[in-house]
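Here is the structure we will look at, set down as structure tokens.
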Amino acid sequence: MGTVEAAELPVADRDQARLYQLGYKQELKRGLSVLSNFAFSFSIISVLTGVTTTYNTGLRYGGPVSMTLGWLVVATFNGCVALSMAEICSAYPTSGGLYYWSAKLAGKDWAPLASWITGWFNIVGQWAGTTSIDFGLAQLVQVIVLLGTGGLNSGGYLASKYVVLAIYGVILIIHGVINSLPIQWLAWFGQLGAFCNVTGIFVLVILIPAVAKERASMKFIFTHFNTDNGMGLHSKAYILAVGLLMSQYSVLGYDASVHMTEETKNADWSGPMGIITSVALSSVFGWIYLVALSSLMTDIPYLLSPDNDAGGYAVAQSLYNTFHRRYGSGVGGLMCLGVIAIATFLCGSACITSNSRDGAMPFSRVWYQVNKQEVPINVVWLSVAVAFVMALTSLGSQIAFQAMLSIATIGIYIAYALPIFFRVTTARKSFVPGPFHLGKYGVVVGWVAVAWVALVTVLFSLPVAYPIAEDNFNYTPVAVGGVLLLCVGSWVLHARFWFQGPVTNVDG
């Protein structure tokens, strides 16, 4: 691509100049501040969403101790991933992000293949992430309606799987419309999402101890280990390992700061800051929220039972009970669930444009079209369509659907780890850092990040029940292996003949 001197560049802005050096013209409007960039990642991570929708998993596998203390372990290692990503983002501030990084760091011979695999794990993971967020919201709406109409044991309305899918479809369409708006509107929604997450956590953390008549002791919250999981698992170490997955899933999506760098001012500094601050604050607020929720879990078997009024949705049942015991009505609990639902709704996803721009997606010329508002509108609606198709599996098998959603975590974290791996191996001596860097600790932190993602990938693939049967089989390794097989297979049979990795659109 070559290096172009700033004086020779047909742009006046430093961000545009740097982007030009990386091989791209400024096609997206650069209107985001560091606060807006942070807000996108923070609202997408949305610990209110992640913790609430996956709390049953943590409660079943290990209980309070696997969440409150396990969260701190996961946050430490996720911090290493975030720091390594921030360092690379500062060196390469382009919306191509992860797959662009892999191409630049893997070396000339491996660049196309590294870019291809990283890009497809990232985009499939993001599609699955959109599915998990919006379907989780649809299920939460269904539980709110169920409790609001009397609960499961008092004739409340239990929506069928078709109704839940319809609710999900409506939510997807609304999110598609929002993501089709000009970048100023997207920035506003991102900031609103960040505000609602922080406000929601503060409100719940204050209300829960103030309203609850029965609260667990601090000893229970930080030391109680739940082995009564009903899944045939008895080894505490094994149960704890599976229980950590809730914490890992809850801090996901901070690559949004990367994908928005071409729309962010002072991108080589604002992008890294967006990554680091969103992960740090999400880890802190998420832990506070977890501790508050865990104080309500005084009867774990009852809260996990599918026969309770919330149908086994532990967070919903505990909040409803807390207000009902104090005031004789669970309306306050429903309002708390409404706050969580709003935060979940605002947990949108950034537009995925980079793979389409460089031909890594079939019919890329069609998908990467920006409208008059400089929004890649075709790829927005492609994401909506794919996310809806993914959710159709819920009509046939909930197990298969949950396995596909696991790609939202493993797929994205593999995409996070690949460029970091190339940074500490093939590019260890050639890497040129940007304004933000880790200095002599960059390689060490990078290796810790890669090792952690490798461990998490194994943990997600472990059986979650014994004896293993068709109705409890963990399809996660099958789903992730399928993505890898399709990536490598399509590369060997087709893509290696034409895909060259990131393609510049400037002369030089």
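The values are calculated or read from the model by the stated rules, or taken from the named source; none is laboratory data. Note that the structure is a prediction, hence the values are computed from the model and not measured. All Cβ positions, even for glycine, are placed from backbone atoms using ideal geometry, and neighbour counts span all protein chains on display. We work out accessible area using only protein heavy atoms, side chains counted, and drop any ligands, DNA or RNA first. Shrake-Rupley method; radii C 1.70, N 1.55, O 1.52, S 1.80 Å.
Just a yes or no: is a residue in the stretch 40-54 surrounded by 24 or more Cβ atoms within 10 Å (Cβ to Cβ), modelled with pLDDT of 90 or more, more than 30 Å from F225 (Cα to Cα) and in contact with a Phe, Trp or Tyr (Cβ under 7 Å, 6 or more places away or on another chain)? No, the stretch 40-54 contains no residue that is surrounded by 24 or more Cβ atoms within 10 Å (Cβ to Cβ), modelled with pLDDT of 90 or more, more than 30 Å from F225 (Cα to Cα) and in contact with a Phe, Trp or Tyr (Cβ under 7 Å, 6 or more places away or on another chain). Do we find that Y157 is under 18 Å from L337 (Cα atoms) and in contact with a Phe, Trp or Tyr (Cβ under 6 Å, 6 or more places away or on another chain) in this structure? Considered against the rule, which asks whether it is under 18 Å from L337 (Cα atoms) and in contact with a Phe, Trp or Tyr (Cβ under 6 Å, 6 or more places away or on another chain), Y157 comes out as no. Among the conditions (1) closer than 20 Å to W287 by Cβ; (2) of a type in the set (D, E, K, R); (3) touching a helix residue (DSSP H, G or I) at 6+ places or on another chain (Cβ under 7 Å), K219 misses just one, which is (3). Say whether the condition of being under 30 Å from H437 (Cα atoms), free of Cβ contacts under 8 Å to residues at least 60 places away in the same chain and surrounded by fewer than 24 Cβ atoms within 10 Å (Cβ to Cβ) is met by at least one residue in the stretch 97-120. Within the stretch 97-120, one or more residues are under 30 Å from H437 (Cα atoms), free of Cβ contacts under 8 Å to residues at least 60 places away in the same chain and surrounded by fewer than 24 Cβ atoms within 10 Å (Cβ to Cβ).
Taken together, the residues in the stretch 56-79 that are hydroxyl-bearing (S, T, Y), open to solvent by 10 Å² or more (accessible area, probe 1.4 Å) and either without any contact (Cβ under 8 Å) to a residue 24 or more places away in the chain or more than 13 Å from A314 (Cβ to Cβ) (or both) amount to 1. All of D299, D228 fail the test of being at pLDDT below 95 and touching a helix residue (DSSP H, G or I) at 6+ places or on another chain (Cβ under 8 Å), apart from D228. Tallying residues that are without any contact (Cβ under 8 Å) to a residue 24 or more places away in the chain and more than 24 Å from the chain's Cα centre (by Cα) within the stretch 442-489 yields 6. Count of the stretch 281-331 residues, restricted to those that are hydrophobic (A, V, I, L, M, F, W, C), over 21 Å from M67 (Cα atoms) and in contact (Cβ under 8 Å) with a residue 60 or more places away in the chain, is 2. Filtering T223, T277, T261 for residues that are surrounded by fewer than 16 Cβ atoms within 10 Å (Cβ to Cβ), among the hydroxyl-bearing types (S, T, Y) and touching a residue at least 24 places away in the same chain (Cβ under 8 Å) leaves a single hit, T223. For the stretch 189-204, residues that are in contact with a Phe, Trp or Tyr (Cβ under 7 Å, 6 or more places away or on another chain), open to solvent by less than 40 Å² (accessible area, probe 1.4 Å) and among the hydrophobic types (A, V, I, L, M, F, W, C) total 3. The single condition among (1) modelled with pLDDT under 90; (2) of a type outside the set (K, R); (3) within 22 Å of the chain's Cα centre (by Cα) that I174 does not satisfy is (1). Among the residues of the stretch 233-252, which ones are open to solvent by 10 Å² or more (accessible area, probe 1.4 Å), in contact with a helix residue (DSSP H, G or I) (Cβ under 7 Å, 6 or more places away or on another chain) and not hydrophobic (A, V, I, L, M, F, W, C)? Once the filter is applied, which keeps residues that are open to solvent by 10 Å² or more (accessible area, probe 1.4 Å), in contact with a helix residue (DSSP H, G or I) (Cβ under 7 Å, 6 or more places away or on another chain) and not hydrophobic (A, V, I, L, M, F, W, C), the stretch 233-252 yields only Y249.
Tell me, please, whether a residue that is crowded, with 19+ Cβ neighbours inside 10 Å, among the charged types (D, E, K, R) and at pLDDT 65 or above can be found in the stretch 20-35. No.
Reported count of residues in the stretch 130-168, each being within 25 Å of I178 (Cα to Cα), polar (S, T, N, Q) and open to solvent by 10 Å² or more (accessible area, probe 1.4 Å), is 4.
Just so you know, in the stretch 441-493 the residues that are outside any helix (DSSP H, G or I) and β-branched (V, I, T) include one that is farthest from F121 (Cα to Cα), and it is I468. Just one residue in the set I414, I407 is within 19 Å of A82 (Cβ to Cβ), open to solvent by less than 60 Å² (accessible area, probe 1.4 Å) and of a type outside the set (S, T, Y); that residue is I414. Only one entry of L172, L186 meets the criterion of being of a type outside the set (D, E, K, R), in contact with a Cys (Cβ under 9 Å, 6 or more places away or on another chain) and either over 30 Å from G411 (Cβ atoms) or open to solvent by less than 20 Å² (accessible area, probe 1.4 Å) (or both), and that entry is L186.
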